[in-house]
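Here's the structure, in structure tokens; my notes come after.
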Amino acid sequence: MSRFHVHLNVSDLTSSVRFYSTLFAAEPTVLKSDYAKWVLENPRVNFAISNTGRAPGVDHLGIQVDSEGDLAELGHRLDAAGGAVVPEEATICCYAQSDKLWTEDPQGTRWETFHTIGDATTYYAGDAACATDGAACSPDVRTAKPKVDKGSGCCAPQSGCC
């Protein structure tokens with residue numbers, strides 16, 4: 001089963017945690033000095049906020065899936081939708097290790113589809129550019145050059161094309 005994902009950048013994490021904890025009637029599932037996440041069943045959403053130097057507002061939307069097969073299926077659907085699909089395998093972000101597929105909708109809204117493999121002790125991988133300069137840790141799908149399997153057109157990590 002999949003779960004809708006929303007990630008907001010906030011200017012004041014403490015007041016935002018208080019606001020969303022009250023709104024959701026639940027404390028964060030993950031709480032760090034620069035990040036908080038609620039994994040909720042009603043509504044079924046993975047809602048995250050962070051204070052990592054980016055402008056406040058919606059950072060990206062997404063869909064979290066439970067398996068590699070579900071991620072591959074979403075990869076096919078993203079490819080059919082016509083956007084550039086950029087994979088990230090075993091990436092560290094948001095205190096988790098995940099396989100991801102990134103794209104943008106026609107308006108330029110960034111979408112992350114992902115399967116979480118495990119926890120991580122840091123927000124970013126230590127060697128990521130965004131670990132030191134506050135830049136986005138997601139690929140720019142407008143400039144990235146995805147590898148595509150000519151046979152299937154799929155760019156999901158499990159397809160072997162990336």
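Projecting the Cα atoms of 87, 67, 19 onto the dipole axis of segment 1-124, where Lys and Arg carry +1 and Asp and Glu carry -1 at the beta carbon, places 19 farthest toward the positive end.
Taking all protein chains in place and a 1.4 Å probe, what share, in percent, of the accessible surface of segment 1-129 do carbon and sulfur account for? Numbers along the way, then the final one.
On the way: 3360 of 6440 Å².
Its accessible area is 52 percent carbon and sulfur atoms.
Report the local net charge at residue 88: Lys and Arg +1, Asp and Glu -1, summed over other residues whose C-beta lies under 10 Å from its C-beta. Mind showing how you got there, number by number?
Values: positive: 100; negative: 89, 99, 112.
Once positives and negatives cancel, what remains is -2.
The values are calculated or read from the model by the stated rules, or taken from the named source; none is laboratory data. Bear in mind the structure is a predicted one, so any value in this text is a computation, not a measurement. Cβ atoms come from the backbone with ideal geometry, glycine included; neighbour counts cover every protein chain shown. These area figures cover heavy atoms from the full protein model, side chains too; ligands, DNA and RNA do not enter into them. Shrake-Rupley method; radii C 1.70, N 1.55, O 1.52, S 1.80 Å.
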